[in-house]
Amino acid sequence: MGARKKTKPAWERGYNGHVFWLGKKKLGKVTVHADRQAQHKYTWEAGGKTGAADDLDSARKAVEFAVLVADKQLDLFS
């Protein structure tokens, strides 16, 4: 029988940022600041965590790491 391929999360570019999807489930996102006076150019949120970064690559890696950690971490109240 044919083995099923495991679906991998993928990045999709949006209007003012990028979104990290697993099928139809949004795992996280990176948003670009319109304000040039902001301390960081990008903010990100994933897995119940948020942060900021100066470059897109760092922000995307932070989202991927937060998703990975959230997937592995045990729920405190289960």
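Structure data summary
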| quantity | calculated |
| --- | --- |
| Calculated from backbone phi, Karplus (6.51, -1.76, 1.60) coupling profile of the stretch 54-65 in Hz, x at Gly/Pro | 8, 10, 4, 4, 5, 5, 5, 5, 5, 5, 4, 5 |
| Share of Cα-Cα pairs in the chain lying beyond 18 Å, as whole percent | 46 |
| Accessible solvent surface per residue of the chain, calculated while the other protein chains remain in place, 1.4 angstrom probe, Å² | 86 |
| Solvent accessible area, Å² - Trp44, 1.4 Å probe, full protein context | 40 |
| Computed over the chain: relative contact order in percent, which uses C-alpha pairs under 8 Å that are six or more apart | 18 |
| Farthest toward positive dipole pole in the chain [+1 Lys/Arg, -1 Asp/Glu at C-beta], among Val69, Trp21, Gly47 | Trp21 |
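The values are calculated or read from the model by the stated rules, or taken from the named source; none is laboratory data. This is a predicted model, so every value here is computed, not measured. Positions of Cβ are backbone-derived with ideal geometry, glycine not excepted, and every protein chain shown enters the neighbour counts. The accessibility values were calculated without ligands, DNA or RNA, using every heavy atom of the protein model including side chains. Shrake-Rupley method; radii C 1.70, N 1.55, O 1.52, S 1.80 Å.
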